[in-house]
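Worksheet: one structure, shown below.
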Amino acid sequence: MENSNGNSVTSDSAAKSLETNEISSAHSNSVNSISSCVRKEISDETPGAVIVQEHLNVEQRARSSFAEAFGGLQKSKFYEQPLAPTVEAEALTTDTKKLARGNSILVNPRQRGNPTLKNVRNTPWEFSDIVPDYIMGRTTCALFLSLRYHQLHSDYIHMRLRKLGGQYELRVLLILVDIKDPHHYIKELAKIAILTDCTLVLAWSPEEAGRYLETYKAFENKPPDMIMERTERNYIAQLTDCLTVVKKVNKTDVQTLLSTFGSFDNIVNASQEDLVLCPGLGPQKASIKRE
């Protein structure tokens, strides 16, 4: 009984295993058959598709290998997590958004009491927690420095420049010249400005410093040709530019010469005696012919 049952159980198991193997083999054969048909269809109809598929497979393998390599790098001792944005960077972003909404010059609270602010009359300004002393635009800022203060605290400007870094495209170093014999300090600050990629601007009074800030703000969105020198194209303007190159000759003298001789050729060919006879021209100015 036991043997017969055992034999029946064994035969049932063998039958089931055989059936499973047959199903798996049939499934595998069908998959291979479908794959071969698809490959044949692709190769027959679109030969380039095989190349594209191989290229995609290579690209996929490259991505997976890069992910594995980067994952290994993250686990190594050489990987460091990126630093979170600093408070200064967040403040800079906030101030930039604030500038986008208004037309005011942003002023650092440390500039409170600076006489320059009293001379900023044509442009609104307001205090704000910013890194530079003044922000005149989205990409323009200024650091203010008095030479008298620089004499006492020579490390101050280095600290401010180090803290500012390269946050703005145009960084102005606005210097108030309020001491005698400033040449040595100006030369030193010029070297600092070159090394830190700053624009050095000298102001000889708080009024002049205020006008510089107003001008930078006023030309914030103006094209470059707005501040370029405009050269007239007419004959009189060109003749005036030519003759006033001589330091002794002014625009009034040019008008006198032109009204007397009529053209540039006649002025050049005139004798020194004829030039002296012109009103307002003496022997010194008559030497224009030689120069």
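The values are calculated or read from the model by the stated rules, or taken from the named source; none is laboratory data. Nothing here was measured: the structure is a model prediction, and the numbers come from that model. Every residue, glycine as well, gets a Cβ built from its backbone with ideal geometry; the counts of neighbours run over all protein chains shown. Surface accessibility is based on the protein's heavy atoms, side chains included, excluding ligands, DNA and RNA. Shrake-Rupley method; radii C 1.70, N 1.55, O 1.52, S 1.80 Å.
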Worksheet item: Working out 0.36 nm times the residue gap between Thr199 and Ser263, then minus their Cα-Cα distance, what length gain in nm do you get to one decimal?
Response: 18.7 nm
Worksheet, complete the sentence: Label model pair Asp274, Phe219: point-to-point distance (7 angstrom along the Cα→beta-carbon line) in nm is 4.3 nm
Worksheet item: How much accessible surface area, in Å² rounded to 10, belongs to the heavy atoms of Phe261 with a 1.4 Å probe?
Response: 40 Å²
Discussion item. So if I restrict to the alpha-carbon atoms in segment 156-200, what is the Rg, and what is Dmax, the biggest pairwise distance, in Å?
Written reply: 11.0, 34
Worksheet entry | Of Lys191/Lys248; Lys163/Lys217; Lys180/Lys222; Lys222/Lys248; Lys118/Lys217, pairs whose Cα-Cα distance is over 27 Å | Lys191/Lys248; Lys180/Lys222; Lys222/Lys248
Discussion item. With bins 5 Å wide starting at 0, give me the P(r) of segment 130-238 over every alpha carbon pair, in whole percents.
Written reply: 2, 10, 20, 21, 18, 11, 7, 5, 3, 2, 1, 0
Practice prompt. Could you work out how far apart the two model spin labels at Arg121 and Ile186 are, taking each label as a point 7 Å from the Cα in the direction of the beta carbon, and quote it in nm?
Written response: 2.7 nm
Worksheet item: Using 0.36 nm per residue, how much length does the chain from Lys163 to Arg112 gain when fully extended, once their Cα-Cα distance is taken away?
Response: 16.4 nm
Response to the item:
Extension length gain for Tyr156 and Thr139 (0.36 nm per residue less Cα distance), in nm, is 3.8 nm
Worksheet item: Under the Karplus relation 6.51 cos²θ - 1.76 cosθ + 1.60, θ = phi - 60°, what is the ordered set of whole-Hz ³J(HN,Hα) values for segment 106-121, x standing for Gly and Pro?
Response: 7, 10, 5, x, 5, 8, 4, x, 6, x, 4, 5, 5, 9, 8, 9
